[in-house]
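Beneath this line is the structure, given in structure tokens, with notes to follow.
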Amino acid sequence: MRYRLLTTIYLSSSSFSLFQLFSGKRNLSSYMDEERKSFNRSSNHSPLRTHQIHDHHLSPTRSMMTVMPPASPDSPWTLSPLHTPSPSLLYHCIASLHRHEGNINSIAVSRGLVFTGSDSSRVRVWRQPDCIEKGYLKASSGEVRAILGHGNMLFTTHRDNKIRVWNVTNSDNFRYKKVSTLPRKTSLLVFPRASPQKHKDCVSCMAYYHAEGILYTGSRDRTVKAWRVSEKQCVDSFVAHEDKVNAMVLNQEDGCLFTCSSDGSVKIWRRVYGESSHTLTMTLKFQPSPVNGLVLSFSLNTCFLYSGSSDGFINFWEKEKMSGRFNHVGFLQSHRFAVLCLVAVEKLIFSGSEDTTIRVWRREEGSYSHECLAVLDGHRGPVRCLAACLEMEKVLMGFLVYSASLDQTFKVWRIRVLPDEQKKVCLDDGNPNDDMKRKMMGYEMSPVLSPSWVEKKLLGSHFQ
């Protein structure tokens, strides 16, 4: 096993430890001073820029080195060093794993199992929620780029630009079997040539339409392909964007496919009735910044689409009930650098960013207002991928959030959303407003710059 379990340690929010990686750069300190001076000037003349956000509930600043004590079997919250300022939510990091084989590129959750794909050729399998390793799947085709799970099926993409389909069984002894490879291998008697069904560059994202058994794949070659899994055939292929496809999500209710790209656009595709081909129904584009993540969130009879981009914004659209069109209704601005990934469960939205943090957002019922409930700041590098699932416990609604970062760590967070009665108790314990402001000032004045951003800054380019 190349993972080792780490005790969760919360260090100072100073960015010095990250900058040590670039100590060989002579002009690095000048950039540090430049960033601090620019922030001080902006903080003195303008408030924190927000739009339809109540971002006064921030996570505690990491001003002290605190080692988390062992969890109590009766109440894990009594021994947690994290006292979330928000009266609506409690959270703590229940596991932290560090790998020595490179970065984790993707995470998937399915039927009580967590799958992680990395720079190695193995897909690690973990049991929920304690992250006990169950085994691994191994392919001889290089690193794993993307993972998607549905029922007993698991889809993985690899360095050879192909997709593997696996059948997995969650029992006392984890078992798996490779079902097929997309596209299928040609006969050895046929002169070897490039398959027209194969992507020409790495497959970066996937989505699965349950009702039709169709797997969609998006690639850096700018194309999207549709595969009928039962027939092991590519039924449609089309150029979706002017730049690489970064993420996709599918609405299981109507089969609409949403794709986003580094060209800054979000596009909506629909399959032509009675055919295998797809047609573009709408293009959503408001800014030139690359779009890195997409997620759908449903509430009563309403559907919202969220997109995270490299400028730190999270734009969101609402679906019209009559026409089915998506109208832009607002944006969330709180991340310092690029938003790299998004995931939604119930009314909560989780965003992972290059600024090393994960933000937890809640959309108010019947309105477009969003509240930032917490900032999970345990990582020391850009948060590359996220996964989350619902975890109910008596009257508390809980969530398990899995995050992977370019600091080569994989973390598991347990989040509890308090009912209204317990929120009032938390508010009656004291007046949190002054404390909130102090924590917010401490966080704002102590930015943590990721290594990739610093390197791009030194080279004179922007992060994309």
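Structure summary
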quantity	calculated
Cα-only radius of gyration and Dmax that characterise the range 217-259, units Å	10.9, 31
Residue 212 paired with residue 298, simple spin-label distance in nm, labels 7 Å along Cα-to-beta-carbon	1.8
Nearest-0.05 FRET efficiency for residue 369 and residue 171, computed from C-beta distance (R0 41 Å)	0.35
Net charge contributed by nearby residues that have their C-beta within less than 11 Å of residue 363 (K/R +1, D/E -1)	-3
Chain lengthening between residue 184 and residue 230 when straightened (0.36 nm per residue, less Cα-Cα)	15.3 nm
Within the accessible area of the range 171-318 (1.4 Å probe), percent carbon and sulfur	49
9 Å beta-carbon shell around residue 135, net charge (K/R +1, D/E -1)	+2
Per residue solvent-accessible surface (Å²) - the range 218-280, probe of 1.4 Å	42
Proximal charge balance of residue 236 [Cβ under 9 Å; K/R count +1, D/E count -1]	+1
Estimated FRET transfer efficiency when R0 is 30 angstrom, pair residue 323-residue 239 (beta carbons, to 0.05)	0.65
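The values are calculated or read from the model by the stated rules, or taken from the named source; none is laboratory data. Predicted model only: the values in this text are computed from it and were never measured. Cβ coordinates were reconstructed from backbone atoms using ideal geometry, including for glycine residues, and neighbour counts include every protein chain displayed. Accessible surface areas use protein heavy atoms only, side chains included; no ligands, DNA or RNA. Shrake-Rupley method; radii C 1.70, N 1.55, O 1.52, S 1.80 Å.
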